[in-house]
Amino acid sequence: MPDAKRGRRNKSEAARRAKKSVLRIIPLGGLGEIGKNMTALEYAGDMIVIDCGLKFPEEEMLGIDFVIPDVQYLVENKEKIKGIFLTHGHEDHIGALPLVLPRVDSPIYGSPLTLALVEHRLLDVRTPYKPSYNEVKAGDTVKTGCFDVSFIRVSHSIPDSMALFIRTPVGTLLHSGDFKLDMTPAGGAGGTDLASLASFGKEGVTVLLSDSTNSERAGFTISESVVGRTLENVFRQHKDHRIVIAAFASNLYRAAQVFSIAARFNRKVMLVGRSMISYVELARKLGYIDISQELFVTPQEAEKLPPNRTVVMTTGSQGEPFSGLVLMSKGEHKQIRLGDRDTVVVSATPIPGNEKLVSNTINRLFECGCDVIYERDMAIHASGHASREEQKILMSLVKPKYFMPVHGEYRHLVRHSQLASEMGIPANNIFVAGNGDVLELDSSGKLRRGSRVASGSVLVDGVMLGEFEGSLLRERRELSESGVMAVSVVVDGEYRLVSQPQIDSRGSIYGFEEENMRPDIASAVERALDNVRGGSVDRSSVVTEIRKKIREVIGKNYRAYPGIMPLVSVIGAALGPRPAGGKNGQSPKQRAQGKLDRQKSGKVV
Ligand SMILES: [Zn+2]
Ligand SMILES: [Zn+2]
């Protein structure tokens, strides 16, 4: 075939493929939950990802450190991924990167602060993986594959937050990131860039994906500078007290305000908490906080100053165990003892799920005798998210054809979708989706639901130690509810008991019941060994058989259902493979995997 002809055919094939192609909007996290935000956009052979966050575990997730999105779909399509675009540096947007990046190996794009925080996290987990960092700032546009991504400045509770305007071959998307319309954020950072939003609105926004966190809150979110004035009043009214302020370490606007007020009131600042110290250090290094080193004192220097000449800036505003404020409230902090000459300001609202921890901390602080100022009293905290009036303003600025609420629990998404409907967006053009629900935008500009992709949660126990699925958690829950009983069984080469079985239990039953159970357990073990000797049960299944017989008898006689761990030693026999079913000598990961494999093959033990 002549080259020219072949060229024409390739061209027309490409044109046909492009015609058939749709833009797939693939939410992988952040819908129906607060946390692990992640959305992929896919068109033909190109894909980009927006954010890659983690979620903090729920109370019943025993021993789990955090939860990340299931990224199986991205791993399967990793050669398509052109970049991960980060809206800002909060954990629920960047926290999963250390685990996800090495698996998908993609360049990342973000503001200087966001990238510095990613780098910090990677260093923290000591991964050898070195990503390709691409620094961007508001106003920039990055072209990659068939996508054009423009960055827009928005106000939020961490500096350098951005919304994304994305041009694709079949339409445009505006992703709000986490935003509010605060026009007077602290530190002269400049508020949300309404002019740019309006001009992208003029160009035309096919789909708006918008932050739903505060869709239940009427009105406007208060400005960060109002919080500054409230804090200033606290300093004015509590002249004789030491002032302790607990806030999110990442809320650098808050920190900057505290520092400048402290300087004006001639107080020195002591920082408490690892993350507080490292965030402030990073922000000063990158020039986000312009405060001289002289303002800060070490705990030793602070001790020499009169209490009313110091301010303590600490972590713990969420009642996190082992955080600065919580240790202080328990009288367990090494450097700070609280008393009636302290005023404590809790400058944050509890994240849903943390209410009880925060409430307990406030109770303990009052017990210490200090004055406690928390959210109910006055404006000592501003949310980082838009309230309903602001969400409406964004919609009216960009006039989207389609609306998809993101970043929120299901009720937040629904309330946000109702707002869109009030704003005149037709019901058919509003999509309340869940993680894994794909929306497809075709070349005629029509958005519809597509087929689902794999999505879900991966639980992480220990940084980079391993990723577990639900079975490990079930095992832990069972242990926490019913405890565990170890039964040591010593047999000879013929599987006859050499001595009485030894029993020990944890979290299971009281000692006297254990005494009563002893004969029952011994005879259960005998019955199991009879079956092994008789040949009805294979020797390799001796552990499983003993577990089964013990479980039957103590369930029936005592209504107790602890996890049973038989430890069988065969003496006088040549050393061969261990009886199957034992769990010793395996790592938690192997155990979890083993259990998963057993479940996959339909054998649950
Ligand atoms: Zn955020
Ligand atoms: Zn967020």
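Can you tell me which residue among VAL49, VAL67 is modelled with pLDDT under 95 and either under 20 Å from ILE166 (Cα atoms) or within 15 Å of the chain's Cα centre (by Cα) (or both)?
VAL67
With the structure loaded, tell me whether GLY139 is assigned by TED's automatic domain parsing to the domain that holds SER161, open to solvent by less than 50 Å² (accessible area, probe 1.4 Å), within 22 Å of PRO169 (Cα to Cα) and more than 16 Å from ligand 2 (Cβ to nearest atom) or whether it fails that test.
no
Go through the range 90-104 and give me each residue that's out of contact with any strand residue (DSSP E or B) (no Cβ under 8 Å at 6 or more places or on another chain) and more than 13 Å from ligand 2 (Cβ to nearest atom).
PRO98, PRO102, ARG103 - these are the residues of the range 90-104 that are out of contact with any strand residue (DSSP E or B) (no Cβ under 8 Å at 6 or more places or on another chain) and more than 13 Å from ligand 2 (Cβ to nearest atom).
If only one of ARG153, ARG217 is open to solvent by 20 Å² or more (accessible area, probe 1.4 Å) and within 15 Å of ligand 1 (Cβ to nearest atom), which one is it?
Every option except ARG153 fails the conditions.
Could you list all residues from the range 428-448 that are without any contact (Cβ under 8 Å) to a residue 40 or more places away in the chain and of a type outside the set (Ser, Thr, Tyr)?
ASN428, ASN429, ILE430, PHE431, VAL432, LYS446, ARG448
Within the range 417-439, track down each residue that is farther than 23 Å from LEU28 by Cα and among the charged types (D, E, K, R).
Matches in the range 417-439: GLU422 only.
Quick check on the range 398-420. Is at least one of its residues in a helix (DSSP H, G or I), more than 16 Å from ligand 2 (Cβ to nearest atom), touching a Lys or Arg at 6+ places or on another chain (Cβ under 7 Å) and in the same structural domain as GLU91 (by TED's automatic domain parsing)?
yes
Out of the residues in the range 80-124 that are within 16 Å of ligand 1 (Cβ to nearest atom) and among the acidic types (Asp, Glu), state the one that is most open to solvent (accessible area, probe 1.4 Å).
GLU91
Could you check the range 379-397 and list, in sequence order, the residues that are within 16 Å of ligand 2 (Cβ to nearest atom) and either free of Cβ contacts under 8 Å to residues at least 24 places away in the same chain or polar (S, T, N, Q) (or both)?
SER383, SER387, GLN391
Select from the range 407-437 the residues that are charged (D, E, K, R) and within 24 Å of the chain's Cα centre (by Cα) and write down the one among them that is least open to solvent (accessible area, probe 1.4 Å).
Only one residue tops the list, namely ASP437.
The values are calculated or read from the model by the stated rules, or taken from the named source; none is laboratory data. All of these numbers come straight from a predicted model, not from anything done at the bench. Note that each Cβ is placed from the backbone with ideal geometry, even for glycine, and that neighbours are counted across all protein chains shown. Protein only, heavy atoms only, side chains kept; ligands, DNA and RNA dropped before computing areas. Shrake-Rupley method; radii C 1.70, N 1.55, O 1.52, S 1.80 Å.
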